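A short write-up of the structure that comes next.
The values are calculated or read from the model by the stated rules, or taken from the named source; none is laboratory data. Nothing here was measured: the structure is a model prediction, and the numbers come from that model. A quick note on method: Cβ atoms are made from the backbone with ideal geometry, for glycine too, and the neighbour counts reach across all protein chains shown.
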Amino acid sequence: MLRDSTQVAFLDVLRGNRIPFEQNRTENTITLSDAGSKILFRPLEDYDRLRGTNLAWFGVDELTYTPEAAWLRLEGRLRDPRAKRMCGFGVWTPKGYDWVYERFIRPREGDYEVIIATPGENRHVLETAPDFYERLRRSYDEHFYRQEVLGEYMAGTTDRVYYNFDRTRQVMDISATEGEPLLWALDFNVSPMCSVVAQRSGTALRVVDEIVLQRSSTWEACEEFSNRYHGRFPALYIYGDASGYHSQTSGTTDYQIIRTHLSRTWRNLSIRVPKGNPPVRARAALVNNRLLSATGDVDILIAPRCRHLIKDLEEVTYKPGTGVIDKDRDTQRTHTSDALGYLVWQEFGDRPTIGEQNRRLF
């Protein structure tokens, strides 16, 4: 984000206003030629590296995904003797009642101020795309829309990744329909090797089965899939983790193994996997949208036999105070839901072309 968003925007401002500057890509700094001010661009995962700096000001993007200790460390570095006015600022969208809420939003003491902006104030976006926020509403689930677009503080789902899953709403007695294509999505892992089998009907995705194998390989997963499904379906579409394109010690890739094994029995076989995985937050948001959209649509149904997937959707959480999915709490968790996420992203992620992206929209 520092490289692809913050620095890009900063350089656009400098160039757009014809402010002369010198950029040192090695040190990741920019010096304003007229003023002689040096600006450091630094990630805050390792905030102890900021020790020893004397700052006149600092700004933090995505403050809710920053440790509170990093903010405190930066506050302590505001001591440049040449600065006439020292300050720090952060920008963020809400992420539950976290330390940012406690420091800036809740009635507080201290020299802090907060500016809360609403979507209607973003005239630059609305002049270009008047229906921008309505399109977001159709594409996001209710919780994500209210938090990320309206900027509301939401309670109750802060750490749970797939907060829109409810087994009373999504779990249904369904099975594969013969004569329709199968969608098979994999998350490559040795123990467990996990995948889900689904079919699509319009905008609805029906997850009819899962394959979870302990201490297994891609070849054995193909064997198990072939034992369960063969000859009754017109096509097979493959989805999954982009890491499957990486060569193994044998010199082949997971997707080469899949194609070699399954092309014998599936004449219409297509691998629909991009070269890179989508951003985790965007992928999870899209799954939540398909589970229950802001307009009340339920577009993912799951068979009761998918016990690992159901458990994933109920139990997978983010690590406290971060946007990182917790894969350490239970090594059996996250794999089937990741497989589902890859499938959902590839089938629905490019529609619509709005929301969080790896480039500036305007």
TODO: Could you please find all residues in segment 150-200 being in contact with a helix residue (DSSP H, G or I) (Cβ under 8 Å, 6 or more places away or on another chain), β-branched (Val, Ile, Thr) and under 13 Å from Ile310 (Cβ atoms)?
DONE: Val171, Val196
Open item on the list: For segment 209-221, check the following and say yes or no: at least one residue is hydroxyl-bearing (Ser, Thr, Tyr), modelled with pLDDT of 90 or more and over 15 Å from Ser270 (Cα atoms).
Closed with: yes
Open item on the list: Tell me yes or no: at least one residue of segment 3-14 is of a type outside the set (A, V, I, L, M, F, W, C), in contact with a helix residue (DSSP H, G or I) (Cβ under 9 Å, 6 or more places away or on another chain) and not assigned by TED's automatic domain parsing to the domain that holds Val280.
Closed with: no
TODO: Scan segment 46-57 and report the pairs whose first residue is in a loop (DSSP other than H, G, I, E, B) and whose second residue is exposed (fewer than 11 other Cβ atoms within 10 Å of the Cβ) and of a type in the set (Gly, Ala, Ser), with Cβ atoms within less than 7 Å and a gap of 6+ or a chain change.
DONE: none
TODO: Determine the pairs where a residue that is more than 28 Å from Asp328 (Cβ to Cβ) and modelled with pLDDT of 90 or more, located within segment 186-204, has a partner that is of a type in the set (S, T, N, Q) and part of a loop (DSSP other than H, G, I, E, B) with Cβ atoms under 8 Å apart, the partner being 6 or more residues away or on another chain.
DONE: Gln199/Thr177
- [ ] Output the residues belonging to segment 1-24 that are surrounded by 11 or more Cβ atoms within 10 Å (Cβ to Cβ) and β-branched (Val, Ile, Thr).
- [x] Thr6, Val8, Ile19
Open item on the list: Being within 20 Å of Ala117 (Cβ to Cβ) and of a type in the set (S, T, N, Q) is true for just one of Thr31, Thr26, Thr53, Thr66. Which residue is that?
Closed with: Thr66
Open item on the list: For segment 126-239, give me every one of the helices (runs of 4 or more DSSP H) that falls completely inside it and has 1 or more residues that are outside the structural domain of Arg259 (by TED's automatic domain parsing) and within 21 Å of the chain's Cα centre (by Cα).
Closed with: 132-139
Open item on the list: Being in contact with a Phe, Trp or Tyr (Cβ under 7 Å, 6 or more places away or on another chain) and of a type outside the set (Val, Ile, Thr) is the filter here; which residues of segment 180-224 pass it?
Closed with: Glu180, Pro181, Leu182, Leu183, Trp184, Ala185, Ser195
Open item on the list: Looking at (1) exposed (fewer than 13 other Cβ atoms within 10 Å of the Cβ); (2) under 30 Å from Pro320 (Cα atoms); (3) among the aliphatic types (A, V, I, L, M), which one does Leu44 not meet, given that it meets all the others?
Closed with: (1)
Open item on the list: Considering only segment 299-310, I want to know if a residue exists there that is among the acidic types (Asp, Glu), within 22 Å of Pro181 (Cβ to Cβ) and surrounded by 14 or more Cβ atoms within 10 Å (Cβ to Cβ).
Closed with: yes
Task: Residue satisfying condition, being farther than 25 Å from Phe144 by Cα and either in contact with a helix residue (DSSP H, G or I) (Cβ under 6 Å, 6 or more places away or on another chain) or at pLDDT 90 or above (or both), within set Thr93, Thr31, Thr53, Thr64 - done: Thr31
Open item on the list: Could you go through segment 95-105 and let me know if any residue there is in a strand (DSSP E or B) and either in the same structural domain as Lys319 (by TED's automatic domain parsing) or in contact (Cβ under 8 Å) with a residue 12 or more places away in the chain (or both).
Closed with: no
